[in-house]
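For reference, the structure is listed below as structure tokens.
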2 protein chains.
Amino acid sequence: MEQLRLNLRDIIGRKNPLLLAAADQIFGAGGKRLRPVLVFLVARATAELMHMSDITDRQRRLAEITEMIHTASLVHDDVLDDCDTRRGKETIHTLYGARVAILAGDFLFAQSSWFLANLDNLEVIKLISQVIADFADGEISQAGALFNCDLTLDEYLEKSHNKTASLIAASCKSAAVFSEVTESVKVDMYEYGKHLGLAFQVVDDILDFTQSEEQLGKPQGQDLASGNLTAPTIFALRAKPELRALIETQFENEGDLQRAIEIVNEFGLEEAQKLAKREGDIALASLRQLPDSEAKRSLVGMVGYVLERIY
Amino acid sequence: MEQLRLNLRDIIGRKNPLLLAAADQIFGAGGKRLRPVLVFLVARATAELMHMSDITDRQRRLAEITEMIHTASLVHDDVLDDCDTRRGKETIHTLYGARVAILAGDFLFAQSSWFLANLDNLEVIKLISQVIADFADGEISQAGALFNCDLTLDEYLEKSHNKTASLIAASCKSAAVFSEVTESVKVDMYEYGKHLGLAFQVVDDILDFTQSEEQLGKPQGQDLASGNLTAPTIFALRAKPELRALIETQFENEGDLQRAIEIVNEFGLEEAQKLAKREGDIALASLRQLPDSEAKRSLVGMVGYVLERIY
């Protein structure tokens with residue numbers, strides 16, 4: 001992972017001093033590197049299944065591509081959401097302005113498209129292209145649904161798929177494609193990534209209500225404040241219809257937001273936790289075709305790692 | 001072309017009302033549609049060569065993709081350059097804010113990547129991915145070279161290749177790939193597009209000095225004012241070394257910019273016109289393997305069309 005981090009920092013920083021500082025910020029310490037870790041683990045676990053000795057160079061490059069795409073989307077998201085800090089650090093657009101942030105994001109998307117094309121595998125190119133289209137769809141539908149209390153759980157899950165699970169699912173499946181497994185194993189790896197990704201997003205959305213401002217690196221309940229309705233709020237709306245008025249008036253009176261956060265904390269978290277757990281269980285079930293190996297055990301462990309943050 | 005314009009407007013507008021207004025703005029009337037026109041013409045001229053009856057659906061889709069990529073880059077450029085008007089109309093980011101502009105650009109890049117992947121041709125995917133990487137390189141090196149009077153003509157041509165000629169060259173070659181021509185004809189079509197694109201950029205850079213504010217839809221000499229040195233300025237710097245001080249002090253005194261524009265107009269235009277003409281001649285020579293046809297005559301005519309704007 002450290003090698004991957006240094007490679008990525010070098011790729012973006014090499015071109016221009018303007019981006020070098022941004023690269024340090026983007027690929028500096030911190031960040032879970034969830035996507036490249038999953039690519040390596042699925043690559044190892046499926047290599048085991050196919051009696052291959054080790055993961056391939058293309059799988060290593062795939063791991064870099066997934067992290068580049070993820071980072072590009074974060075950099076643009078920070079501009080879109082006018083977000084000042086991420087992981088407790090100031091964001092690129094706060095430090096260097098929207099101009100460098102847009103440029104750095106475009107550069108990362110462009111570079112990842114180029115690496116992707118040069119993996120020479122149409123199936124993988126299509127899988128990852130779909131992800132980038134899903135990102136844009138997710139951002140657009142999120143922008144159009146702010147403060148909309150009629151958002152259904154299915155619509156929330158679709159939004160979460162687009163912005164988080166799609167990349168994780170496509171990364172896991174692509175890693176399996178390069179191990180040349182059967183179609184059925186590829187589908188399972190997609191399902192593993194998708195439901196792990198959904199569990200991850202639900203957990204993140206829960207933590208937005210339960211963690212302190214210090215732990216979050218941003219104010220508590222910021223999603224709700226900006227009108228982005230997530231699982232805990234959707235469940236709380238079912239239990240406490242008076243929450244609707246607070247949200248639909250966009251917290252116009254002082255104390256409205258605080259009151260809404262309290263309602264979500266009291267009435268929305270338990271169901272959201274169950275939802276995360278269900279998604280985690282589907283992810284685990286998708287590993288059934290893989291033989292026992294260290295990598296498989298790590299894939300099982302990833303589900304626990306994602307869920308433990310809310311227990 | 002009208003069908004293509006309506007298709008593109010529909011593709012971006014369909015997703016969300018937020019983008020519908022933007023789509024009208026982006027794919028409304030105006031614009032030369034140079035890239036899709038060239039795709040159609042190269043497709044027809046090479047189909048003729050291969051005794052094919054008509055252009056294919058994939059070539060039609062390619063034409064859409066090239067215009068989407070071009071438009072995405074314009075939308076992001078307008079944010080990057082903080083450009084208020086384009087073709088005399090207000091830009092997306094002026095009308096709807098940077099948020100919608102970044103989103104619309106990302107969406108267009110994403111959608112074009114997805115269409116591109118689904119053309120199912122690795123050669124074309126690689127060609128067009130290279131373009132998107134070139135865009136980002138071009139933007140970055142341009143940002144790093146502002147007000148740099150040591151910029152060489154070769155560096156200027158490389159910048160122009162990255163931001164303009166690369167897409168036109170790759171579009172022309174890709175259109176030829178789908179007609180299944182020989183490698184040698186593919187190379188010629190790339191060279192045709194590249195040198196036509198360079199001629200086009202040089203002409204654009206000349207017009208920035210010679211056209212009125214009304215014709216340009218923006219103030220005269222805006223490139224120079226923002227430190228983006230182009231062919232006329234590079235030639236004028238050779239003839240009149242005192243121009244350097246005006247530029248390097250970033251036009252600090254009143255009248256400096258006006259004086260610099262006058263010097264460029266007097267000493268830089270003739271050499272720049274010769275350069276555009278030379279590039280146009282290389283483009284024409286690259287058509288030699290194509291049999292006579294209406295499409296080939298139109299490709300010849302395109303060179304004249306690009307150059308006539310400065311004569």
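Below are the figures for this structure:
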item: Label-point separation in nm, B:GLN258 to A:LEU122, each point 7 Å along Cα→Cβ; result: 6.2
item: Highest-fluctuation residue, A:GLY138, A:GLY280, A:GLY97 considered, GNM on chain A with Cα pairs under 10 Å; result: A:GLY97
item: Largest-first ellipsoid semi-axes for chain A, taking √(5λ) over the Cα gyration tensor eigenvalues, angstrom; result: 33, 25, 16
item: Nm distances between copies for A:ASP84, ranked from closest, using label points 7 Å along Cα→Cβ; result: 3.0
item: Virtual spin-label span in nm between B:GLN222 and B:ARG278, 7 Å along Cα→Cβ; result: 2.9
item: With Cα atoms, 0 to 90° folded angle of helix B:92-117 axis to chain B main axis; result: 40
item: 222 nm mean residue ellipticity, helices alone, for chain A (DSSP H n ≥ 4; -39,500 (n - 2.57); rounded to 500); result: -23000 deg cm²/dmol
item: Ranked packing of B:297-307, A:202-212, most packed first, by mean Cβ within 10 Å; result: A:202-212, B:297-307
item: Rounded percent of accessible protein surface that carbon and sulfur make up, the stretch A:1-309, 1.4 Å probe; result: 47
item: 28 Å Cα-Cα reach of B:LYS186 towards lysines, excluding residues that sit fewer than 8 places from it in its own chain; result: A:LYS126, B:LYS32, B:LYS126, B:LYS159, B:LYS163, B:LYS173, B:LYS194, B:LYS274, B:LYS277, B:LYS296
item: Sequence of A:GLU294, A:GLU262 when ordered by accessible area, the most exposed leading, probe 1.4 angstrom; result: A:GLU294, A:GLU262
item: Percent of alpha-carbon pairs separated by more than 31 Å within the protein assembly as shown; result: 56
item: The stretch B:242-311: C-alpha pair distances exceeding 15 Å, %; result: 65
item: Average accessible surface area per residue within the protein assembly as shown, 1.4 Å rolling probe, Å²; result: 41
item: Inter-centroid distance (Cα atoms) of the stretch B:108-155 relative to the stretch B:226-251, Å; result: 27
item: A:MET68, B:MET50, reordered so the largest accessible area comes first (probe 1.4 Å); result: B:MET50, A:MET68
item: Computed accessible area, B:ASP10, all protein chains, 1.4 angstrom probe, square angstrom; result: 80
item: Using a 7 Å Cα-to-Cβ projection, A:PRO291 label spacings across copies, nm, ascending; result: 6.0
item: Residues along the stretch A:139-188 losing 50 Å² or more of accessible surface when the other protein chains are present rather than the chain by itself (probe 1.4 Å); result: A:ILE140
item: Average Cα contact separation per residue, the stretch B:1-309, under 8 Å, 6 or more apart, as relative contact order %; result: 19
item: Highest-MSF residue in chain B out of B:SER171, B:SER293, B:SER113 [GNM, Cα springs under 10 Å]; result: B:SER293
item: Calculated FRET efficiency for the pair A:SER53/A:VAL187, C-beta based, R₀ 22 Å, to 0.05; result: 0.30
item: Most positive-pole-ward Cα, B:GLY217, B:THR230, B:SER293, against dipole of chain B from beta carbon charges; result: B:SER293
item: Chains A and B together, accessible area buried on both sides, 1.4 angstrom probe, square angstrom; result: 3200
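The values are calculated or read from the model by the stated rules, or taken from the named source; none is laboratory data. Note that this is a predicted model, so its numbers are computed, not measured. For neighbour counting, all protein chains shown are included, and Cβ atoms are generated from backbone atoms with ideal geometry for every residue, glycine included. Accessible surface areas use protein heavy atoms only, side chains included; no ligands, DNA or RNA. Shrake-Rupley method; radii C 1.70, N 1.55, O 1.52, S 1.80 Å.
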